[in-house]
Amino acid sequence: MDNGDSGDRISDQILSALVKIGTLTQERAGIARRVKSKLSSGKTIIDVVKELQYATSEQVKEVFRSNHLSLKIGDILVEFGHLTQERLRSALDIQKTQTGKQLGQIIIEHQFMSENDFLDALSVQLGFPFVNLSVEELDTKLLDQAPIQWCRSNHFLPVRSEEGKVVVVFADPFDKASIKGAQKLYGANLIVAISAPGSIENYLDQFASGKIKIRSTVDENTAIGIVDSMICAAIDKGASDIHMEPMKDKLQVKFRIDGLLVLYKNFPRETISMVTARVKILSKSNIAEKRRHQDGRMSFEHQGNSYDLRVSVYVAILGEKIVLRVLNRIDQIIRIEDIGMQPKVLERYLRDVLSVPSGVLIITGPTGSGKTTTLYSCLNYIKKPELCIITAEDPVEYVMEGITQCSIDPNINLTYEETLRHVVRQDPDVIVIGEIRDNYSADVAVHAALTGHKVLTSFHTEDSISGLIRLMNMDIEAFLISSTVVCILSQRLLRKICHHCGKPYSPSPFELKVLGYVPQDIGRYKFMKGGGCFACNYTGYKGRIAVFEMLVLNEYVREAILDHKSSYEIRKISIDTTNLVTLMEDAVSKAVIGITTLDEIFRCVPRLIPPRPIYEINRLLGV
Ligand SMILES: [Zn+2]
């Protein structure tokens, strides 16, 4: 497909813009033009300029961001190989029949490009900041300055102010008329950003029709308004917990997102008592009681979904601190195949662990390491109409169809011990004991397995071997452990690098030394780090990935348990004879392909023994 003419026109424009901002000399622009014309491959002028080392990616992106070019978005997508000429022509034809629609929207709606590819092209390749729109992050004072109709006809939406500049998202960041329209309201040096084209229209429609209320109409002067908007915001951001902490001069609210606390908002100290009372009413706790810790539960409706929240009220010296945990987020039941296990680990796990009819399967890790999510993925995999699956959980975190779940509730004397006594009388095939927390629950687990049941449970320990050792120190006969435990799966959640701002980088000698590697060991692997951008809240990370250490007991390990070997010896035997890959090694296998960072590994993963060489780890994992 030849698009020589428009390709040359675009090349010329980009080159002269680079010359204009002083990055290129006229001479170098000429060389780049000649080099490109000699290449038959699909290289863009930007590839050429970068390969000649005339300009850095950042300088190139600046050309696009600075809005000096008078190029059309469609031509640019063609030039970069995202779209064929034919498809561009069809999209333009469609646009003629649908007045008022932006080209980007049409390209996505007619699947000429996926929305992700479209946004990637604009944000990663061309350098426009990406904004993930959400109602509570829009600074509605900015919207007040603009008639909605003006925003709609110019296809933009103001988001927030940053260092005196207004960030505005555009459906088409190359549309000069739109940008001029926004500049009239927010000044010439606004920041041009992008978002999903459909979502901009969608927000504007909803604002126009009053379906979404602008924030200034959310009444944060009332306890109801504060609590409602706080919980909605937490759910929208995918937070697992909400912390409301009274301080000397304010009420500080933080969300736990991807495992770390981030500030949501501060409220005046005077609001504390009414907000606390509101949460207590919703969770049916005792409002009058202010000197004792309490807990409760509440349900909350948001955008048509119903959420369960567990509420804990803790009496601290500056007042009652409240933590709300968001439970049963339905979207969080993940298929076992998608949980992040490397190919060989997954294969063994399905074959040697989940498919065997009896025995104990233990998932270990600290709080917040994703144990519950894994447990539910396992249940989702093994549940069948012909199996009776029964659970004792504290509390039930996800409601799953086809299994019998029980939530422990000590307030009505439905204790763990009492429940476990009854579970085995229900003629189950599979028993889920939410957590082994004492000798009694450990004993129930082992004995149920001994009588032919499959038992799934979790345990708070550092890694798989220490799970085994802890069990051995719990007054349970070694022969019972060695004959019932099938697998101990240890795990952690590491933050994933944001794919909008992740860039390759070389680990420092110090970082390598911690791993016991030298630069030659990591030569051909690609480590990455996020620089921070709108999309990731400037953290450089977005989402999380699990890392695993799976110990499937074999005869040597069982023997070592019977012989009461030390944890050092059991660890050595496990690694030598069971193909065990440590948490650290699994994490390294995910860092060398740019999924997570070494910083995350050092923050979350125990450093018990140095990892083996990367090629050896990859061989064991089958990657
Ligand atoms: Zn980012």
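Pairs with C-alpha atoms separated by more than 23 Å, drawn from the list K141/K529; K180/K503; K265/K321; K496/K526, are K141/K529; K180/K503. Does the stretch 94-167 come out rounded, prolate or oblate by the C-alpha gyration tensor, with a ≥ b ≥ c the root eigenvalues, rounded set by a/c under 1.5 and, if not, prolate when a/b is larger than b/c and oblate if not? The shape class here is oblate. Volume per residue for the stretch 463-549 equals 154 cubic angstrom (convex hull of Cα atoms).
Here the relative contact order of the stretch 135-215, from alpha carbon pairs under 8 Å that lie six or more residues apart, stands at 31 percent. With N counted as the residues of the stretch 47-176, its alpha-carbon radius of gyration over 2.2 N^0.38 Å works out to 1.15. On full extension, the segment bounded by N266 and D352 gains 25.9 nm, given 0.36 nm per residue less the C-alpha separation. Note on Y505 and D443: the model spin-label points, each 7 Å out from Cα along the C-beta direction, lie 5.3 nm apart.
Over the chain, DSSP H runs of length four or greater, each weighted -39,500 (n - 2.57), average out per residue to a 222 nm ellipticity of -11500 deg cm²/dmol. When the P(r) of the stretch 135-215 is calculated, the portion above 16 Å amounts to 43% of the C-alpha pairs. For the chain, the spherically averaged projection of the C-alpha convex hull amounts to 33.3 nm². Set the Förster radius R0 to 41 Å, insert the Cβ-Cβ distance between N380 and R524 as r into 1/(1 + (r/R0)^6), and round the FRET efficiency to 0.05. About 0.65, to the nearest 0.05. Between D475 and K38, the contour length at 0.36 nm per residue exceeds the Cα-Cα span by 149.6 nm. Would you mind checking the stretch 462-486 for residues with the amide N under 13 Å from a putative spin-label position 7 Å along Cα→C-beta of H564? Counting only backbone N, you get 472-479. With 29 Å as the limit, the listed pairs K248/K371; K371/K572; K43/K101 have K248/K371; K43/K101 beyond it between alpha carbons. Expressed as a whole percent, the proportion of Cα-Cα pairs in the stretch 218-327 lying more than 25 Å apart is 12%.
The stretch 233-255 and the stretch 137-195 have Cα centres separated by 29 Å. A cysteine counts as unpartnered when no other cysteine's C-beta lies under 4.7 Å of its own; in the chain this applies to C151, C232, C378, C388, C406, C487, C604.
Based on the Cβ-Cβ distance from D12 to Y615, what FRET efficiency comes out when R0 is 51 Å, to the nearest 0.05? So the FRET efficiency works out to roughly 0.60. Contact order for the chain, expressed relative to its length and based on alpha carbon pairs under 8 Å spaced 6+ residues apart, stands at 8 percent. Each 10 Å bin from 0 upward holds the following percent of the Cα-Cα pairs of the stretch 332-621: 6, 27, 33, 21, 10, 2, 0. Here each label is just a point 7 Å from Cα along the line to Cβ, and for Q111 and Q426 those points are 4.3 nm apart. What FRET efficiency comes out for the pair L133/S90, r = Cβ-Cβ distance, R0 = 30 Å, nearest 0.05? The value I calculate is 0.60. Remark: spin-label model distance E58-V315 equals 5.5 nm, labels positioned 7 Å along the Cα→Cβ axis.
Values quoted throughout were computed directly from the atomic coordinates according to the rules given, and no laboratory measurement underlies them. Not measured: the values here are computed from a predicted model. Virtual Cβ from ideal backbone geometry, glycine too; neighbours counted across all protein chains shown.
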